[in-house]
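Worksheet: the structure to be examined is printed underneath.
The values are calculated or read from the model by the stated rules, or taken from the named source; none is laboratory data. Just so we're clear, the structure is a prediction, and the values are computed from it rather than from any experiment. Using ideal geometry, Cβ is built from the backbone for each residue, glycine included, and neighbour counts are taken over all protein chains shown. Quick note on the areas: whole protein, heavy atoms, side chains included, nothing else; ligands and nucleic acids left out. Shrake-Rupley method; radii C 1.70, N 1.55, O 1.52, S 1.80 Å.
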Amino acid sequence: MSTRIALGAALLCLAGCGSLDVSSRGAMPSDLLEPVGSHPEEPLLLGCDDQGNLSLNGQPLDLPVAREPARYGVGLADAAELPPPWRPPHALTGGLLITWLHRQSPLAVAGVRPFDVLLAIDGESVDDPLRATGQLRDAGATEVEVLVRRRGSQRPEALHLRSEAPLGDLSRVSVPFLFDRREGVAGDALGVGPFSAAVWWRERRELAHELRQRTGTELPGFDSRHEAHFEWGALGNLLYWERRRDLATGEERSRFRLLWFLSFGDDL
Amino acid sequence: MSRLWIVLGAALCSGCGSFLLPFDERPLPAPQGVETLSGERLDLDQEGQIVVRPERGDLALALGVGLAEEQGGVVVTHRLRPQAGLRPGDRILAVWARVPPATGVAREFMHSARGALDTSRGRPSTSLDAALEESSVLSLSGAALDQTPRNTVVAPSRSEPAPVDSATLRARGQAVRSLEDLRGYATAAGWLTLDLLVEREGQERCVRVDLELDVSPVLARPWAPSRTRYQGVEVVAVSELEPGLRPLHAADDQLLVSRVARDAPLGRAGLRPLDLVRVEELERLLAGAPGEVIKPDGVRRELQAEPRGVPLEVWIPLVFTYQDDGARTHVGLGPWDTTFHYSQRTDYEPTLDAYVERWRWSVGTSIQNSGVTSATGTVRSGGVTLLVDRVRMDYLLDLWNAEREARTRGAGVDP
């Protein structure tokens, strides 16, 4: 009898649950951009590293980047400091280029991407990176309206943003064999029982990428989008359910899994 | 009785260990340069030495000449460097920036993306090329894509650009009618080559010039080092600097902060190199009172910090431990701090250019809490543990690493 119990417990532990990890760090990945002066014989490629510093064909550009890493997770550089041939097509007359974005930044979740241009904050046009990041820092948890011009577009777009919590916040409380609770800006999770095998759930905002061929260039690029991923499991994942919702389009997919391998619902 | 002596002996032999580290003298970087009266920029080099370099965007200094707008064009007025390619009187007609081609760009990106694609699809590596030709859309796993280099350009070419003639330069280059047309090229000083179409003595010529970044150290006598160095700060009197190197808008009776150590209490309070401060304000700051500094962007900021004191260690074997040096604090109760311990340290984190506070406490070895507080938020982890006491492990690792960390800070290493 005791052997069976031990085997059962071992099985539950092995099956375990999904990861309770809710942490999310680092910058939004950025692909390359061809400035207006790029020529087929001598192509120019503007890139930005994970600190938001700009480079041209892999060589560093001495352009100051102002960052607000705490609430809105954004880094800005003034495109007007670049020579006209090195400016992106949507920032020909200058503007504040977004060169760094925290992957859980309210701007990133709203669809803003590296190389988009920040035009105004709360109706006030911005042209100085330090002042703009200062405005966002002062805004804190209050709602702000930002005006951005997307890469590949000339039309400004207004976005209402709110910073729910500092982007670096993450907490965990655990009591072995009883419960494990995790909470962060990217989501939260709770597990009950040894190795969360009794029951667990997790809700997390995840970043997914799609590789695309961009029009007008031979370089491959990619698009990123945020998905809300909710899942729960019980009895060592004998019962498991998950749902994914695209935050941009609202498209939802879900499935239910029984006995670890019998799956019902959408293909995920 | 003998057992008691053995335990006491072991405790004395093992000691309580020290969490205190040598004062970290490594210099803080300057967040931004400051403009001088001569139009150049004061900055800090990697070793914390004040240097002067051309103002960001000043192409004339990068070319080594003086430029002026004249009759709808840009004319070279004088040479700043004897070896400059341009001569006084040259009129610049067009500019073509010869950016070295990045031969490795597509290959590296394709390689990375293909690797990521293979991870998600398990298909041969040619699938990406085929997919791109078909303009189809493929999904990549986020984790795989995150492993790709963020800056996908990895192999800038070092080859010399091909020589050009006047006609090609006029066709491919950008016409220069004012200094505004030359704006921004100095952001690439140090690696960029410019082909310039110039009119010299009535004839058009192509001149190839490399943009150079002249950086020279600023030598100045420190102000009252005996009063400031122990606090991890060095300043120079603005009046001691050459007139052209004095910060714009700085008064002669002000002091320029030339060095702030990482462990300096005033550094933790927000003082940075190239800040300006009046003598009386600095004296107030060194005494622990609130004082005002002027940041390079002109913003005035009030700071206050407890002056650096003498490190304090109190140790009663098996009963009590207390260590404090202002940057690190440790309190422990019981044999080897097993009853209770609390540790806190504040360190400069170069990758964030900010101070990070780490803390932890545990009661017994089971109830515990630890956390890291930085400018971006707080990461905390706590609860009850039975098998592996992570906080206690960190505590031991800190002791283990203390000597290595001390060496990193330059202590214990023979010159």
Conditions first: (1) buried (at least 18 other Cβ atoms within 10 Å of the Cβ); (2) at positive phi. B:Leu241 passes all but one, so which condition is the exception? (2)
Checking the condition assigned to a loop (DSSP other than H, G, I, E, B), more than 30 Å from A:Gln51 (Cβ to Cβ) and among the hydrophobic types (A, V, I, L, M, F, W, C), which residue from B:Val314, B:Val310, B:Val331 passes? B:Val310
Of all the strands (runs of 3 or more DSSP E) wholly in region B:40-106, which have at least 1 residues that are of a type in the set (Gly, Ala, Ser)? B:65-70, B:73-79, B:91-98
Give the residue, chosen from A:Phe179, A:Phe115, that is of a type in the set (Phe, Trp, Tyr) and open to solvent by less than 10 Å² (accessible area, probe 1.4 Å). A:Phe115
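So that you can scan it fast, the table gives a plain yes or no per residue for (1) open to solvent by 10 Å² or more (accessible area, probe 1.4 Å); (2) charged (D, E, K, R); (3) at pLDDT 80 or above; (4) more than 16 Å from the chain's Cα centre (by Cα):
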{"residue": "A:Arg4", "(1), (2), (3), (4)": "yes, yes, no, yes"}
{"residue": "A:Leu11", "(1), (2), (3), (4)": "yes, no, no, yes"}
{"residue": "A:Cys17", "(1), (2), (3), (4)": "yes, no, no, yes"}
{"residue": "A:Val36", "(1), (2), (3), (4)": "yes, no, yes, yes"}
{"residue": "A:His39", "(1), (2), (3), (4)": "yes, no, yes, yes"}
{"residue": "A:Leu45", "(1), (2), (3), (4)": "yes, no, yes, yes"}
{"residue": "A:Cys48", "(1), (2), (3), (4)": "no, no, yes, yes"}
{"residue": "A:Arg71", "(1), (2), (3), (4)": "yes, yes, yes, no"}
{"residue": "A:Val74", "(1), (2), (3), (4)": "no, no, yes, no"}
Just to be sure I understand, how many residues within region B:291-307 are in a loop (DSSP other than H, G, I, E, B) and either closer than 27 Å to B:Phe19 by Cβ or open to solvent by 40 Å² or more (accessible area, probe 1.4 Å) (or both)? 7
Here is a list: A:Ala139, A:Ala132. Which entry is more than 13 Å from chain B (Cβ to nearest Cβ), open to solvent by less than 40 Å² (accessible area, probe 1.4 Å), in contact (Cβ under 8 Å) with a residue 60 or more places away in the chain and within 16 Å of A:Leu101 (Cα to Cα)? A:Ala132
Within the set of pairs 6+ apart or on separate chains, which have a first residue in region B:276-304 that is more than 21 Å from B:Pro247 (Cα to Cα), a second that is loosely packed, with under 12 Cβ neighbours inside 10 Å and not hydroxyl-bearing (Ser, Thr, Tyr), and C-beta atoms under 6 Å apart? B:Gly288/B:Glu306
Scanning region A:223-239 residue by residue, those out of contact with any helix residue (DSSP H, G or I) (no Cβ under 9 Å at 6 or more places or on another chain) and open to solvent by less than 20 Å² (accessible area, probe 1.4 Å) turn out to be A:Glu227, A:His229, A:Glu231, A:Ala234
Could you figure out which of (1) over 20 Å from B:Gly48 (Cβ atoms); (2) without any contact (Cβ under 8 Å) to a residue 24 or more places away in the chain isn't true of B:Ala237? (1)
Among B:Gly184, B:Gly267, the single one that is surrounded by 15 or more Cβ atoms within 10 Å (Cβ to Cβ) and within 14 Å of chain A (Cβ to nearest Cβ) is B:Gly184
Scan region B:202-224 for residues that are more than 20 Å from B:Val164 (Cα to Cα) and away from chain A (no Cβ under 14 Å) and jot them down. B:Ser216, B:Pro217, B:Val218, B:Leu219, B:Ala220, B:Arg221, B:Pro222, B:Trp223, B:Ala224
Unique match (being within 13 Å of another protein chain (Cβ to nearest Cβ) and farther than 30 Å from A:Ser254 by Cα) among A:Pro176, A:Pro156: A:Pro176
Among strands (runs of 3 or more DSSP E) completely within region A:136-229, the ones holding 3 or more residues that are modelled with pLDDT of 85 or more, touching a Cys at 6+ places or on another chain (Cβ under 9 Å) and more than 30 Å from A:Pro40 (Cβ to Cβ) are A:199-213
